[in-house]
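A short write-up of the structure that comes next.
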Amino acid sequence: MAVLNICTYPDPVLKQKALPIEKIDDALQDLIRNMVDTMYQAPGIGLAANQVGRPLRLIVFDVTPKDQPRNPRVLINPEIVCAEGSQSLEEGCLSVPEFYSEVKRCSKVTVRGLDTQGNPVELEGEGLLAVVLQHEIDHLDGILMLDRISPLKRALYKKRRQKQLKSKDETG
């Protein structure tokens, strides 16, 4: 297994719309395993393929409480087929370092996709699971959580991030 490099804002791959996966082969299974390892190592509770530089419609996630055994889930070509209600939870993102903000999302979603064997699956999520599914599927559509917050908060983060990157460039 390999831990992959997580792309961070403003990497252009994060704004790309991910392509549907046409075939499930060994290379894809390797990518899935590596994404799961990367998600846990980060640590995070969800990861989309374009966050590791692969603009493919693939997400991995695990919202199991920390005191219980890990239960990584995978969805290939996920799509939200039903969404209802409203909730605001504080979100963070592995691709938006050192930033957390309340994001308004649907409180319940139904998602369809494929499992690792190519079998159709349908998943209903509420609460945190609904948030994670919407957050990761947003990534596949080139949408960051920054796109879902107020323009002022977004501008403040972008300014701070530019300073971080500039100072990193200057120090080598």
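Contact map, the stretch 114-127: first residue at pLDDT 95 or above, second residue of a type outside the set (S, T, N, Q) and exposed (fewer than 13 other Cβ atoms within 10 Å of the Cβ), Cβ cut-off under 7 Å, separation 6 or more or different chains; pairs are L114/P120.
Every residue, every condition in (1) under 21 Å from A18 (Cα atoms); (2) out of contact with any strand residue (DSSP E or B) (no Cβ under 6 Å at 6 or more places or on another chain); (3) not small (G, A, S), yes or no:
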site	(1), (2), (3)
G85	no, no, no
L89	no, yes, yes
E98	no, yes, yes
L128	no, yes, yes
G142	yes, yes, no
S150	no, yes, no
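Among residues of the stretch 75-87 that are under 15 Å from R105 (Cα atoms) and at pLDDT 95 or above, those with a beta-carbon under 9 Å from a residue that is of a type in the set (S, T, N, Q) and not in a strand (DSSP E or B) at least six positions away or on a different chain give the pairs I80/Q134; A83/S107; A83/Q134; E84/S107; G85/S107; S86/S107; Q87/S107.
For (1) buried (at least 16 other Cβ atoms within 10 Å of the Cβ); (2) aromatic (F, W, Y); (3) under 24 Å from Q29 (Cβ atoms), each residue gets a yes or a no:
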{"residue": "I76", "(1), (2), (3)": "yes, no, yes"}
{"residue": "V81", "(1), (2), (3)": "no, no, no"}
{"residue": "E90", "(1), (2), (3)": "no, no, no"}
{"residue": "N119", "(1), (2), (3)": "no, no, yes"}
{"residue": "L133", "(1), (2), (3)": "yes, no, yes"}
{"residue": "Y157", "(1), (2), (3)": "yes, yes, no"}
{"residue": "R160", "(1), (2), (3)": "no, no, no"}
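Scanning the stretch 1-28 for residues that are within 25 Å of K66 (Cα to Cα) and surrounded by fewer than 16 Cβ atoms within 10 Å (Cβ to Cβ) returns M1, A2, V3, N5. Among the residues making up the stretch 89-128, those that are closer than 21 Å to D147 by Cβ and charged (D, E, K, R) are E90, E91, E98, E102, K104, R105.
For the stretch 114-151, the set of residues classified as of a type in the set (A, V, I, L, M) and over 22 Å from Q87 (Cβ atoms) consists of L114, V121, listed by residue number.
Do we find that G44 is assigned to a loop (DSSP other than H, G, I, E, B) and surrounded by 18 or more Cβ atoms within 10 Å (Cβ to Cβ) in this structure? It is true that G44 is assigned to a loop (DSSP other than H, G, I, E, B) and surrounded by 18 or more Cβ atoms within 10 Å (Cβ to Cβ). Scanning the stretch 1-38 for residues being closer than 25 Å to Q164 by Cα, among the hydrophobic types (A, V, I, L, M, F, W, C) and in contact (Cβ under 8 Å) with a residue 40 or more places away in the chain gives a total of 5.
Of these, V13, V36, which one is of a type in the set (A, V, I, L, M), farther than 25 Å from L128 by Cα and part of a helix (DSSP H, G or I)? Criteria check complete, one pass: V13. Being closer than 15 Å to L94 by Cα and of a type in the set (A, V, I, L, M) is a property that does not hold for L165.
The values are calculated or read from the model by the stated rules, or taken from the named source; none is laboratory data. No experiment lies behind these values; they were computed from the predicted model shown. Cβ atoms come from the backbone with ideal geometry, glycine included; neighbour counts cover every protein chain shown.
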